[in-house]
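Worksheet: the structure to be examined is printed underneath.
None of the figures in this text is laboratory data; all of them are computed from the coordinates on show. Remember, predicted model here, so these are calculated numbers, not experimental data. Glycine also receives a Cβ, built like all others from the backbone with ideal geometry; neighbour counts cover every protein chain displayed.
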Amino acid sequence: MIRDENSAPEPHTFEYNMHAVRPGSVDAGNQAVTIRMDKAFLKVLFFADVPWKFRSFDKFLVPINNARGHKDVEKLWPEQWHCVASAPAAAKSMDLISVLLPGRTGEEAKQPKVEKLDSATAHGVKITHPDGSGAIVGFSKVDGESELAGLRSTKRVFAAKFDAGGKTVASLGLEQER
């Protein structure tokens, strides 16, 4: 899981760039990108306040010309698949949670369910494995105590691991500079 909380002095269109040797697939409706290889895959889920836009292409935006003095640059860096996820409009700030879910080809059913959580004081995700166990990870929006899905914390980042019965078995809280 990655949380990107960024700001700029002027409105800016924030982006998340991905590159892969083989073409991936984009599911804009579910805010997901999947990259596949022979034996493995990576699913990337995007959670933002508003849906992001996606575009994919198979050529470098800026052609690679004789990089580092190599005359066979296309053999060193062949064209690949590229995907850009971007905020729908320019803004001075953005808050994006992306969840990277690697897996083995053929074992997609073993992937956990990932849900976005939001409250007045925090946001985050709930990850639930097929056996019912999982975790909640939250990011505070306020100074002081925050609450998310029943978890309360005074820390900037907090998490709780739960077993298949829903019982909390571990928790943590971390301070971060704002």
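Structural remarks
- Mean residue ellipticity at 222 nm, helices only, the chain: -500 deg cm²/dmol; runs of at least 4 DSSP H residues each add -39,500 (n - 2.57), and the sum is divided by the number of residues.
- Segment ASP4-ASP58, extension gain: residue separation times 0.36 nm, minus the distance between their alpha carbons: 16.8 nm
- Distance between modelled label sites at THR168 and VAL50, nm, 7 Å Cα→Cβ extension: 3.5
- Take each peptide in 161-170, 43-52, 95-104, 23-32, count the other Cβ atoms within 10 Å of every residue, and average; sorted highest first, the result is 43-52, 95-104, 23-32, 161-170.
- Gyration tensor (alpha-carbon) shape descriptor, the range 77-148, a/c threshold 1.5: oblate
- Fully extending the segment from GLU107 to GLU175, taken as 0.36 nm per residue of separation minus the present Cα-Cα distance, adds 20.9 nm.
- Unit Cα scatterers, Debye sum, the chain: log10 I(q)/I(0) for q = 0.14 Å⁻¹: -0.90
- Between the range 115-175 and the range 1-32, the Cα center-to-center distance that results, in Å: 23
- About the Cα centre, charge dipole magnitude for the range 1-50 (Lys/Arg +1, Asp/Glu -1 at Cβ), debye: 420
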